[in-house]
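A quick write-up on the structure given underneath.
Each reported figure results from applying straightforward, stated rules to the coordinates on display, with no laboratory input. Predicted model only: the values in this text are computed from it and were never measured. Quick reminder, even Gly has a Cβ in these numbers, built from the backbone with ideal geometry, and neighbours come from all protein chains shown.
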Amino acid sequence: MQKELTTDATLVSNYIKGDESALGILITRHKQRIYSFIYSKVYDKDIAEDIFQDTFIKVIRTLKKGSYNEEGKFLPWVMRISHNLVIDHFRKSNRMPKFSNTGEFSIFSVLSDTALDAEKTIIKEQVERDVRRVMDELPEDQKEVLVMRMYNDMSFKEISEKTGVSINTALGRMRYALINMRKIIDKHNIILTN
C-alpha cells in the first residue's frame, strides 16, 4: 500500500539515486496507459511492445545521464517520448500515424531555444526534421527566401539584393511559403510540438 502513495517524482529521484526497484514501480504504474496509447496508433501487438520497450530505454538513458528535469510531469514526458517513437516507426514504414494537428503553433519557435534539456533536445530534433521535410515540398523560390530569412537571418532588403527581386516579391514569397507549409502540415497531419 505504501508503494502506491509514493509520487512519481519521489520514485524518479529514488531511481536516480540507485534504487532500481523504483523504476519497476513507475513502469507498472503507467504501463497500461502508455502501452494502450502506443497500440491505439500502431494496431500491432509486437510493434507496440517494441515501441514501449524503446520508450523506457530512452527514459532510462535520460535518467542515468542526469538529464531529466523534474517538474512533476513524468507521465506526460514519457508519453511524448512514446509519441515521437510512434512517429519514427511510421516514417520508417512510410505510413503516417493517426495524429491530428490541433492548436496554433509557431513553426520556428522551437528552433531558437538555447537552454535545452535532453527531453527537449529529442523533441527539437524531431520538429527540425519535420520542418525540413515540409520545406522540401515548397517551390524553390519560396524555399530560398524562407531559408535566407529563418536560417541565415537575412533582412528582406538583403534577400531582395541577393535574389534580384523586389522587396515586395521577397515578402510575398515568404508569406506564400508559410501558407504552403501550413497546408502541407495539415495535409500530412504532421504534429509540431515542443
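Neighbours of Gln142 by Cβ distance under 13 Å: Lys/Arg scored +1, Asp/Glu scored -1, total +1. Using the Cβ-Cβ distance between Lys187 and His30 with R0 set to 35 Å, the FRET efficiency works out to roughly 0.55. Ranked by the mean number of other Cβ atoms within 10 Å of their residues, highest first, the peptides 152-163, 52-63 fall in the order 52-63, 152-163.
Computed from label points 7 Å out along Cα-Cβ, the spacing between Ile60 and Leu171 is 5.7 nm. For the range 16-32, 3J(HN,Hα) computed residue by residue from phi via the Karplus equation (6.51, -1.76, 1.60; θ = phi - 60°) reads 4, 7, x, 7, 4, 5, 4, 5, x, 5, 4, 4, 4, 4, 10, 3, 4 Hz, glycine and proline entered as x.
Put the Cα centre of the range 3-38 next to the Cα centre of the range 140-194 and the gap is 44 Å. Note on Asp19 and Lys162: the extension gain reaches 45.5 nm, defined as 0.36 nm multiplied by sequence separation minus the Cα-Cα distance.
Taking each of Lys41/Lys73; Lys41/Lys65; Lys31/Lys58; Lys143/Lys183; Lys64/Lys92; Lys92/Lys143 in turn, the alpha-carbon distance tops 20 angstrom for Lys41/Lys73; Lys41/Lys65; Lys64/Lys92; Lys92/Lys143. For Asp44 and Asn69, what does the FRET efficiency come to when R0 = 41 Å and r is the distance between their Cβ atoms, rounded to the nearest 0.05? The calculated FRET efficiency here is 0.80.
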